[in-house]
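The values are calculated or read from the model by the stated rules, or taken from the named source; none is laboratory data. Note that this is a predicted model, so its numbers are computed, not measured. All Cβ positions, glycine included, derive from the backbone under ideal geometry; neighbour counts span all protein chains shown. These accessible areas exclude ligands, DNA and RNA; they are computed on the full protein's heavy atoms, side chains included. Shrake-Rupley method; radii C 1.70, N 1.55, O 1.52, S 1.80 Å.
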Amino acid sequence: MYTGFPYAFIIQGEYMLTIGICDDDTKIIRKLKNIILESTNEQIDIHTYSNGKQLLKEDIRFDILFLDIEMPIINGLELAKLIRKVDTNVKIIYLTYYTEYKDIAFLVHAFAYLVKPIKKEMVQKILKESILYTPSIIDTQYHEVRFLLIDGLESFYTNDILYFEFVNRKVTFHTTNNKIFIIHNEKISMIAENMSEYDFCMSHKSFVVNLYHVKLIKGYDITLMNGSIIPLSQKYSKIFRAEWDNFLRKIIFQ
């Protein structure tokens, strides 16, 4: 059964990216696999499946998962719901001939959507974006922070934190596994200051956001990879946009 187990590992000091492709059309699987292998110099481990039942039997944590929506046994939408119960980090990219699924697909926080017949340029574009937001194991190991919570002191990896929020006179933070923690006797301004070295930035007087999880900024809304919408106030807009731009440049040219 798919458990989200951390299968990805380090080879010769580099992160091994684990990608899954699930489609009942072997020609599409072969084409997509070839495009992926031609499009990046990253260390990649690709697993392919002809139906969702095969995928669910695996004990692998994927970084990126290409899912066909129209499949026998279990369709891609239902498959994604099952996967999301155990893995909130995998970047799901849907494959389909029909655009009417687009709105439904994002209900399970899909990273992207590819309309068949798939085009090499679009696959390359989406693949590049998804790789940019895939952390290396080395990064997550060394970015560990500790907070005094209501129940005592606890440690967290910074990439597991989506954002901090000041609500009901308390500072809380939301994590990638859909949990909310309350920090004991802390100010949101101090959180912003202390977490800035880990690429967190204040977007609003009540919010401090992890730039790593930002997918899109549109107007005064910040969309995170998991679909959450965070407010961006006019006061913090210029600084936040500049910090996000600097963050993207850093991870692209590192």
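For every residue, the table says whether it meets (1) open to solvent by less than 10 Å² (accessible area, probe 1.4 Å); (2) over 15 Å from Y94 (Cβ atoms); (3) touching a Leu at 6+ places or on another chain (Cβ under 7 Å).
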position	(1), (2), (3)
I36	yes, yes, yes
K53	no, yes, no
E58	no, yes, no
F66	yes, no, yes
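Is it the case, given these coordinates, that I44 is touching a strand residue (DSSP E or B) at 6+ places or on another chain (Cβ under 8 Å) and farther than 22 Å from K120 by Cα?
no
Kindly indicate the residue of the range 193-217 that is surrounded by fewer than 24 Cβ atoms within 10 Å (Cβ to Cβ) and of a type in the set (S, T, Y) and also nearest to K91 (Cα to Cα) among those meeting that condition.
Applying the filter and picking the extreme gives Y212.
Looking at the range 146-155, is at least one residue closer than 14 Å to N89 by Cβ, at pLDDT 90 or above and surrounded by fewer than 18 Cβ atoms within 10 Å (Cβ to Cβ)?
no
Residues are listed down the side, and each one gets a yes or a no for (1) open to solvent by 80 Å² or more (accessible area, probe 1.4 Å); (2) aromatic (F, W, Y); (3) farther than 26 Å from D151 by Cα; (4) under 18 Å from the mean Cα position of the chain (by Cα):
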site: I182; (1), (2), (3), (4): no, no, no, no
site: G219; (1), (2), (3), (4): no, no, yes, no
site: L224; (1), (2), (3), (4): no, no, yes, yes
site: K238; (1), (2), (3), (4): yes, no, yes, no
site: R241; (1), (2), (3), (4): yes, no, yes, no
site: N246; (1), (2), (3), (4): yes, no, yes, no
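Of the residues that make up the range 76-93, is at least one surrounded by fewer than 19 Cβ atoms within 10 Å (Cβ to Cβ), modelled with pLDDT of 85 or more, assigned to a loop (DSSP other than H, G, I, E, B) and on the phi < 0 side of the Ramachandran plot?
No, that holds for no residue.
If I118 satisfies every condition in (1) under 17 Å from I29 (Cα atoms); (2) in contact with a helix residue (DSSP H, G or I) (Cβ under 7 Å, 6 or more places away or on another chain); (3) outside any loop (DSSP other than H, G, I, E, B); (4) modelled with pLDDT of 90 or more but one, which is the exception?
The failed condition is (3).
Can you confirm whether N177 is loosely packed, with under 14 Cβ neighbours inside 10 Å and under 14 Å from T158 (Cα atoms)?
Yes: the conditions hold for N177.
Give just the number: which of (1) of a type outside the set (A, V, I, L, M, F, W, C); (2) part of a loop (DSSP other than H, G, I, E, B); (3) surrounded by 14 or more Cβ atoms within 10 Å (Cβ to Cβ) does T172 not satisfy?
In the conditions (1) of a type outside the set (A, V, I, L, M, F, W, C); (2) part of a loop (DSSP other than H, G, I, E, B); (3) surrounded by 14 or more Cβ atoms within 10 Å (Cβ to Cβ), T172 misses (2) alone.
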